[in-house]
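Below is one structure, written out as structure tokens, with a few remarks after it.
Taken together, the values in this text are just the output of simple stated rules run on the coordinates, not laboratory data. Just so it is clear, the structure is predicted and the values come from calculations on it, not from any experiment. Glycine gets a Cβ as well: all are built from the backbone with ideal geometry, and neighbour counts include every protein chain shown.
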Amino acid sequence: MDSAREAASDVVARVTDLVQGYSKNPVIAGLTIEIEAGVLGLLGPNGAGKTTLLRSLATVLPPRKGRIEILGEVIDSPRAAREARRNIGFLPQDFGYYPGFTVSEFVEYCAWLRDTPAGRRPKDTADAIERVGLMGRANEKMGALSGGMLRRAGIAAAMVGAPRLVIMDEPTAGLDPAQRVEFRELMRGLGDTAVVVSTHLIEDVASICSEIAVMAEGCIRFRGTQGELCAFAPGRSPGETQLERGYLGLLKPGMEHLV
């Protein structure tokens, strides 16, 4: 990779004119977005295309049309995708694992998949497990963990080896309130990592995200700060918080013309 080219840009991932879907019914049609360091919260109703976008960013789903770049490199071949995955941590909403693996074995296996150098794997694995509060469970089998602990093990696997781009689909599903607070603290400490978090929990977005993107019908309907999203809240609108009211107001029919 050309280090001078990478240094010249703060963009970690770039999606240009992305089209995804099946037959004549695209899930995503002509989407363009840039991902920089910081935590980007991805909101949107079910069926908006959020998971399809995350899978595309993770190089799991090749574009039907358009272009995806990771750290300045166009992902245009299986080889390019494999190279990019060294810098990508991906936590799907439902992730696979071998029940017989211990937590430590699972996280180290994910580090191996990402081509983390062998000499670094044990320390990187221990660091990731410690950051999610599972050090006391490192030698327990994955199949014996509760849902919340499994989710934390998945978060550790996504972060092991300090990837430049971390993609998480509903990462706090199954976490109790205290664990969600710990997750928020973890996200705030990721430094120059670019993180994309898709969630339905507005309070998580309010706590950790420096920027918010709202998807609807396969398009980015909005991207901006929490304050800018709050401005879409109409008077006497439903919702528990101003941010939630702004999000719901933005999704009302006809609002797409005002963004």
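For region 182-190, take each phi angle, set θ = phi - 60°, evaluate the Karplus expression 6.51 cos²θ - 1.76 cosθ + 1.60, and give the result in whole Hz per residue in order, putting x for glycine and proline.
Values per residue, Gly and Pro as x: 4, 4, 4, 4, 4, 5, 5, x, 8 Hz.
Compute the acute angle (0 to 90°) between the alpha-carbon long axis of helix 147-159 and the principal axis of greatest extent of the alpha-carbon atoms of the chain; round to the nearest 10°.
The two axes meet at around 90 degrees.
Projecting each Cα onto the charge dipole of region 125-240 (Lys/Arg +1, Asp/Glu -1 at the beta carbon, about the Cα centre), which of 147, 189, 202 comes out farthest on the positive side?
147
Please report the net charge: other residues with Cβ closer than 13 Å to the Cβ of residue 170, K and R +1, D and E -1.
Net local charge, residue 170 excluded: 0.
Report, ordered by chain and residue number, the lysines lying within cross-link reach of residue 24, taken as a straight Cα distance under 25 Å and ignoring same-chain residues fewer than 8 apart.
By straight Cα distance, residue 24 reaches 50, 65.
In nanometres, what is the gap between the two model label sites at residue 231 and residue 19, each 7 Å from Cα along Cα-to-Cβ?
So the label points at residue 231 and residue 19 sit 3.4 nm apart.
Near the amide H of residue 215, under 5 Å away, which other amide H atoms are found, from residues 5 or more places off or on another chain, if H is placed in the peptide plane?
For residue 215, the qualifying residues are 43, 44, 221.
Only four residue types carry charge here, +1 at the Cβ of Lys and Arg and -1 at the Cβ of Asp and Glu. Report the dipole size of the chain about the Cα centre in Debye, rounded to the nearest 20.
I would put it at about 500 debye.
Quick one: which residues, 5+ away or cross-chain, put their amide H under 5 Å from the amide H of residue 166? H built at 1.01 Å from N.
HN-HN under 5 Å from residue 166: 89, 194, 195, 196.
How would 104, 207, 77 line up from fewest to most surrounding beta-carbon atoms within 10 angstrom?
Fewest-to-most Cβ neighbours within 10 Å comes out as 77, 207, 104.
When the chain is modelled as a GNM with alpha-carbon springs shorter than 10 Å, which of 44, 224, 154 fluctuates the most?
Judging by the Gaussian network model, the answer is 224.
Hey, what did the chain get for relative contact order, percent, Cα under 8 Å, at least 6 apart?
Averaging sequence separation for qualifying contacts and normalising by length gives 23 percent for the chain.
Only Cα pairs within less than 10 Å get springs; with that Gaussian network setup on the chain, which residue of 206, 144, 194 has the largest fluctuation?
It is 144.
If you stretched the chain out fully between residue 200 and residue 46, how much longer would it get, using 0.36 nm times the residue separation minus the C-alpha to C-alpha distance?
54.5 nm
Would you list which aspartates and glutamates come within 13 Å of residue 141, measuring only between C-alpha atoms, while excluding same-chain residues fewer than 8 positions from it?
Leaving aside aspartates and glutamates fewer than 8 places away in the same chain, those within reach of residue 141 are 105.
Using the 10 angstrom Cβ neighbour count as an exposure proxy, how do 109, 22, 247 rank, fewest first?
22, 109, 247
Grab the Cα-Cα distance for residue 181 and residue 139, subtract it from 0.36 nm times how many residues apart they are, and report the gain in nm with one decimal.
12.7 nm
By the scheme Lys and Arg +1, Asp and Glu -1, what is the net charge of all other residues having a beta-carbon under 15 Å from that of residue 142?
0
Mind checking which of 25, 87, 46 has the largest fluctuation in a GNM of the chain, springs on alpha carbons under 10 Å?
Of the options given, 25 has the highest mean-square fluctuation.
Relative to the first principal axis of the alpha-carbon coordinates of the chain, what is the inclination of helix 103-113, with its axis defined by its Cα atoms, in degrees from 0 to 90 and to the nearest 10?
The two axes meet at around 70 degrees.
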